[in-house]
Each structure stands twice: as C-alpha cells, then as structure tokens.
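The values are calculated or read from the model by the stated rules, or taken from the named source; none is laboratory data. These numbers were taken from a predicted model, which means no experiment stands behind them. Cβ coordinates were reconstructed from backbone atoms using ideal geometry, including for glycine residues, and neighbour counts include every protein chain displayed. Side chains included, ligands, DNA and RNA excluded: accessible areas come from the protein's heavy atoms. Shrake-Rupley method; radii C 1.70, N 1.55, O 1.52, S 1.80 Å.
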Amino acid sequence: MLHRRLSIALAACLALAPLVCAAADDPQTEAERKVAGAVFTAYNKMLESRFAVDVQSTDDKGNQAKALAEYEGVSRFHVKTDRMEIVATPEGSWVKADEAGWTRSPAEMAGMVKQFVPKSAAELQSSSSNLKDEGPTTWNGQPAHAYSYDTRLQVMGADVKAHNKVVINQAGQLVRSESDGEAMGIKSHSVQDIRYDDAIRITPPKG
C-alpha cells in the first residue's frame, strides 16, 4: 500500500513540479536578468499569498490527470488528485489514498509530502536555464506578459526536465504555467492555472 501511495504521489508531484521551479541560474545577459527579475518577483509574491493551483496534465499516451493544490503560505497546503489527498500543516501531515480514510503521514512518506512545499527562489537557482522574454500576451482578456525557461531537477529521486512558459499579469502575479516535461521516460504536457484567494484556510482533516 505504501509503494502504491508513493507511486500516486510521484505522479502528482510531476504535474506540479514545473510550477515550483520558476527560478534562474545566474543569468549572464541583461535580457536574462530582466526575465529573472520579473519571474522571481512574481514567484515570491505568490509564496506570500494564499493561492490555489488547478493542474491538468496529459502524458504521451493520452492519459489525463487533474489536481488541485491550495496553499495558505508554504507551511499549510491541501493537494487533491482523483486518487489521493494530502493535507500538511505545522502540526503534521495526513494522507488519504483511494477509498482509505485519513492517516497521519508516516516517516517514510515525509519526503513525498515535502515535494509539494514551494521552495524559495534562492533554492531553485540551479534548476533553471535559457530564460527568455516571450513578449506581451493576454490573460482573461487583460494585458499580461509571457516568459519561458527550462528546468531540470530531482523529484522523489526521479530526474525531471521541462520547458516551461509562464504568464504574469499586470499586478505582477504568476497566473499560468504551461510545460512540456519528461520523467522516467514519460513525456507529458501540463497546464497550471493559479488563482489568489484570501479566504483559503488549511486545517487538519477530520475523520
């Protein structure tokens, strides 16, 4: 059962990974520095907010997966997929898989839970490269700006690489991330829509 839960968790982590890797690897040009500044600022603003992420992912065989992640800061979050839920707070973390009820996360799953915690921009500097300004765009009918970058990182021991495109609105908020990634020989396309909601509250599960 633990192995099954870890497998489900890894799939969910891979879907969310591109979102939490918006960093720059010591940009060498003025253009890259401007892109890094815009992305870093938006990413840090997101970490300081209450926000939710709707994730849709499709692999190279056409299999689709959806996930919803809600964050009340980096220490409180609730991730839900079609087969698994995780709730984490400073008091502890809980997991529910398939039809099973909530269980306190055992020590063996601590690493899996940690994968859902957004990292600081400084921690992510070594994971990204090829930052580019993709120019003006629109988001929900409003002016916005797009940027792209490549990432390579480890998620639960798996080597994950992706090409990502993010959209930042006029308020400097990261509102969308779209990526084409590969992990363990599986390619996937993932879209993360980000919304900000001060009403989000994460509490330990009941029952």
**Prompt:** How many of the residues making up the stretch 40-54 are out of contact with any Asp or Glu (no Cβ under 8 Å at 6 or more places or on another chain) and either β-branched (Val, Ile, Thr) or open to solvent by 40 Å² or more (accessible area, probe 1.4 Å) (or both)?
**Reply:** 5
**Request:** Would you point out the residue of the stretch 153-192, among those that are at pLDDT below 95 and not in a strand (DSSP E or B), that is surrounded by the most Cβ atoms within 10 Å (Cβ to Cβ)?
**Result:** MET156
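For the stretch 171-207, which positions are among the hydroxyl-bearing types (Ser, Thr, Tyr) and closer than 30 Å to ASP60 by Cβ?
Of the stretch 171-207, the ones among the hydroxyl-bearing types (Ser, Thr, Tyr) are 177, 179, 188, 190, 196, 203.
SER177, SER179, SER188, SER190 - these are the residues of the stretch 171-207 that are among the hydroxyl-bearing types (Ser, Thr, Tyr) and closer than 30 Å to ASP60 by Cβ.
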**Prompt:** Are any of the residues in the stretch 142-152 within 24 Å of GLU85 (Cα to Cα), surrounded by 14 or more Cβ atoms within 10 Å (Cβ to Cβ) and either among the small types (Gly, Ala, Ser) or touching a Cys at 6+ places or on another chain (Cβ under 7 Å) (or both)?
**Reply:** no
**Prompt:** Would the stretch 40-53 turn up any residue that is assigned to a strand (DSSP E or B), free of Cβ contacts under 8 Å to residues at least 12 places away in the same chain and under 21 Å from LYS161 (Cα atoms)?
**Reply:** no
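Please count how many residues of the stretch 30-39 are open to solvent by 20 Å² or more (accessible area, probe 1.4 Å), touching a residue at least 60 places away in the same chain (Cβ under 8 Å) and out of contact with any Lys or Arg (no Cβ under 9 Å at 6 or more places or on another chain). Spell out how you get there, then give the answer.
At the first step, the residues of the stretch 30-39 found to be open to solvent by 20 Å² or more (accessible area, probe 1.4 Å) are 30-34, 37-38.
Next cut, touching a residue at least 60 places away in the same chain (Cβ under 8 Å) only: 31-32, 34, 38.
The next check asks that each one be out of contact with any Lys or Arg (no Cβ under 9 Å at 6 or more places or on another chain); those that pass are 34, 38.
Number of matching residues: 2.
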**Message:** Given the criteria of a type in the set (Val, Ile, Thr) and within 30 Å of THR103 (Cβ to Cβ), does ILE168 qualify?
**Reply:** no
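VAL20 - would you say it is part of a strand (DSSP E or B), among the hydrophobic types (A, V, I, L, M, F, W, C) and either open to solvent by less than 30 Å² (accessible area, probe 1.4 Å) or at pLDDT below 80 (or both)? Before you say what the answer is, go through the steps one by one.
On the way: part of a strand (DSSP E or B): no; among the hydrophobic types (A, V, I, L, M, F, W, C): yes; either open to solvent by less than 30 Å² (accessible area, probe 1.4 Å) or at pLDDT below 80 (or both): yes.
Taking the combined requirement at face value, the residue does not satisfy it.
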**Request:** Report, by residue number, each residue of the stretch 36-71 that is β-branched (Val, Ile, Thr) and either in contact with a Ser or Thr (Cβ under 6 Å, 6 or more places away or on another chain) or modelled with pLDDT of 90 or more (or both).
**Result:** VAL53, VAL55, THR58
**Request:** Would you please list the contacts, defined by Cβ atoms under 7 Å and residues six or more apart or on different chains, that run from a residue in the stretch 70-97 that is farther than 17 Å from ALA199 by Cα and open to solvent by 20 Å² or more (accessible area, probe 1.4 Å) to a residue that is aromatic (Phe, Trp, Tyr) and part of a strand (DSSP E or B)?
**Result:** none
